[in-house]
Each structure stands twice: as structure tokens, then as C-alpha cells.
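K.L.:
I have a structure here, written as C-alpha cells, and I will follow up with some questions on it.
The values are calculated or read from the model by the stated rules, or taken from the named source; none is laboratory data. It should be emphasised that the depicted structure is a prediction, and the values quoted were computed from it without experimental measurement. Glycine gets a Cβ as well: all are built from the backbone with ideal geometry, and neighbour counts include every protein chain shown.
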């Protein structure tokens, strides 16, 4: 089966850089995704890494290392609006299901 | 603009009631999913569907059933609601084997 571990909470100040880690145990998956969810809102897709390496989209970057069973989301130039929960997810190769991590709550302070 | 809608944002039901949660997507997506979200547990998959009239159990299907009579609509049914089914329910859809799931706004269900 699949399991994805994330830190439960991360805090940072505006303008800073923060890294949210995702370590996983999985028998096989297509790639690693990241979703953002504001309080009371629906999860929204942020990024997807099919291959090892870094993918950059504006202030957000995502990284995957299959050999280390590890990925991370990097948020730069933090803004107050980045305060939200962030979930990593993998799509299982056998079942095609999307398996989510437990989520990391990011709080950005002024 | 892509849209997934859910029939209610908030719902309060009594133990033993039959509960229907409706989800509609306007993107002609083949795949639809129902999750529940609880603090500290993330999103857990209840059921999913690859096509009309097709359904597959997710990780926590007990106490739930689903119906997909039309491509755009995926319903979650609680045959006899129980207090441990108090949760946030999220519906999502995705085109084929793509990776970006589109989520509805969620239904916060309270079972008394």
C-alpha cells in the first residue's frame, strides 16, 4: 500500500522561504502532486512531478527524488495568502487512485 | 471555467436517516471521486467511478454507496447515517489519466 508523511504544521514570516517535505512508502506510482487548501475551501492543484528533479511555477517549486522516496514543495517570497494546508499525493500505478498525505498546515505571519 | 458543484455546503441529519450527497461536473470528465476529510487524517477515498454505471471501492467504503447514472453526476449515499460519518465530504473529477483533480467546494455533514 501507499503512505505519505508530511509535517503537521509549519510557520514562517512574510517574504521568507519554506519547504514542505513529503516522504512516502509506495510500491509504484506515476508521479507526485501537490494541492493547496485554504480554510473552508476546496483543494486546488498546484504542481505535478512525473520525473525526478525540480519543477518551477512562479513562486512555487516542487521536487521529486524517487531513489530517496522523497519530495518537497518550496514556497518563496511568502505572502499572507499562502497560509493554507498543503497536501502531497501520488497516483497508484496498480489502482490509478490518488493517495493523499495527511497535509501540512502553513501559517505565515507578518 | 472548470466547475464541480456539490448540492449542499452544510447539512445536518439525524442518526439513521438516509443521506444523499450530489456532485455535478461540467467538464465531461470520465473519472469522479468521493473523499471524506477529517482533521489529522487528510483526504480518504470512499468510492470512485471511471464511467457511467461503474463504481470502485476506495479505502473506506463501509457505510456508503454511490450512484453514477449520468456522466456528469456522481452521488454519495449514506444508507443509515451514523455519528462517525460526521465529516467534510469532497467530490472531485479528472479527465482520463490526467493528474489534476478538480474539487467541489465540499459538504460539511453533521450527524446528530
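K.L.:
For region B:39-54: of the residues being more than 10 Å from chain A (Cβ to nearest Cβ) and over 12 Å from the mean Cα position of the chain (by Cα), which is surrounded by the fewest Cβ atoms within 10 Å (Cβ to Cβ)?
P.N.:
B:53
K.L.:
State the number of residues belonging to region B:86-112 that are closer than 21 Å to residue B:10 by Cβ, in contact (Cβ under 8 Å) with a residue 60 or more places away in the chain and either away from chain A (no Cβ under 14 Å) or part of a loop (DSSP other than H, G, I, E, B) (or both).
P.N.:
Matching residues across region B:86-112 total 7.
K.L.:
Does residue B:45 fit the bill of being touching a strand residue (DSSP E or B) at 6+ places or on another chain (Cβ under 8 Å) and touching a residue at least 40 places away in the same chain (Cβ under 8 Å)?
P.N.:
Answer is no for this residue.
K.L.:
Let me ask something else about it. In the set A:78, A:51, which member is more than 11 Å from chain B (Cβ to nearest Cβ), without any contact (Cβ under 8 Å) to a residue 40 or more places away in the chain and in a loop (DSSP other than H, G, I, E, B)?
P.N.:
A:51
K.L.:
Does residue A:101 fit the bill of being surrounded by 13 or more Cβ atoms within 10 Å (Cβ to Cβ) and in contact (Cβ under 8 Å) with a residue 12 or more places away in the chain?
P.N.:
Here the answer is yes, as residue A:101 does meet what is asked.
K.L.:
Applying the selection to region A:12-48, what residues are at pLDDT 95 or above, more than 15 Å from the chain's Cα centre (by Cα) and part of a strand (DSSP E or B)?
P.N.:
A:12, A:13
K.L.:
So, one more: State all residues of region A:30-39 that are surrounded by fewer than 19 Cβ atoms within 10 Å (Cβ to Cβ) and more than 8 Å from chain B (Cβ to nearest Cβ); if no residue qualifies, say none.
P.N.:
The answer is A:38, A:39.
K.L.:
While we're on this one: Taking the condition of being within 14 Å of another protein chain (Cβ to nearest Cβ) and more than 10 Å from the chain's Cα centre (by Cα), how many residues in region A:91-110 meet it?
P.N.:
11
K.L.:
Further, regarding this structure: Being loosely packed, with under 15 Cβ neighbours inside 10 Å, free of Cβ contacts under 8 Å to residues at least 12 places away in the same chain and more than 14 Å from chain A (Cβ to nearest Cβ), is that true of even one residue in region B:55-66?
P.N.:
yes
K.L.:
Within the group A:43, A:7, which residue is facing chain B (nearest Cβ under 10 Å), surrounded by 13 or more Cβ atoms within 10 Å (Cβ to Cβ) and in contact (Cβ under 8 Å) with a residue 40 or more places away in the chain?
P.N.:
A:43
K.L.:
Separate question: Among the residues of region B:5-20, are any buried (at least 18 other Cβ atoms within 10 Å of the Cβ), farther than 22 Å from residue A:95 by Cβ, touching a strand residue (DSSP E or B) at 6+ places or on another chain (Cβ under 9 Å) and within 12 Å of chain A (Cβ to nearest Cβ)?
P.N.:
yes
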